[in-house]
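Down below is the structure, laid out as structure tokens.
The values are calculated or read from the model by the stated rules, or taken from the named source; none is laboratory data. In this text, all values refer to a predicted model and were calculated from it rather than measured experimentally. With ideal geometry, Cβ positions are generated from the backbone for all residues, glycine too; neighbour counts draw on all protein chains shown.
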Amino acid sequence: MKAVVNPDDCIGCGICAQVAPDVYEMKDDKAVAGVEEIPEDKLEDAKSAADQCPVNAIVIS
Ligand code: SF4
């Protein structure tokens, strides 16, 4: 599965990078998915981060 951060929605709060640092990273005050494919053992963290994003900027599909 892949995670995509919508840069137009991201407010750069950094929560996702704290919750799932192996999946998301901050770049120029916006979050980006640092991995092409979410590792199986990081999927729950990736989803948890998406749930905690205050502006729902993260789509996992
Ligand atoms: S949690 Fe959402 S708003 Fe905050 S940095 Fe991550 S994608 Fe951006």
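Scan segment 13-27 for residues that are in a loop (DSSP other than H, G, I, E, B) and either within 15 Å of residue 52 (Cβ to Cβ) or at pLDDT below 95 (or both) and jot them down.
Matches in segment 13-27: 13, 14, 20, 21, 23.
Pairs only if they're at least six apart or on different chains, beta carbon under 6 angstrom, first in segment 41-61 and outside any helix (DSSP H, G or I), second within 6 Å of the ligand (Cβ to nearest atom) and of a type in the set (S, T, N, Q); list them, first residue then second.
Cβ pairs passing all conditions: none.
Name every residue in segment 1-32 that is near the ligand (Cβ under 10 Å from one of its atoms) and touching an Asp or Glu at 6+ places or on another chain (Cβ under 8 Å), in order of residue number.
Scanning segment 1-32 gives 12, 17, 19, 20, 31, 32.
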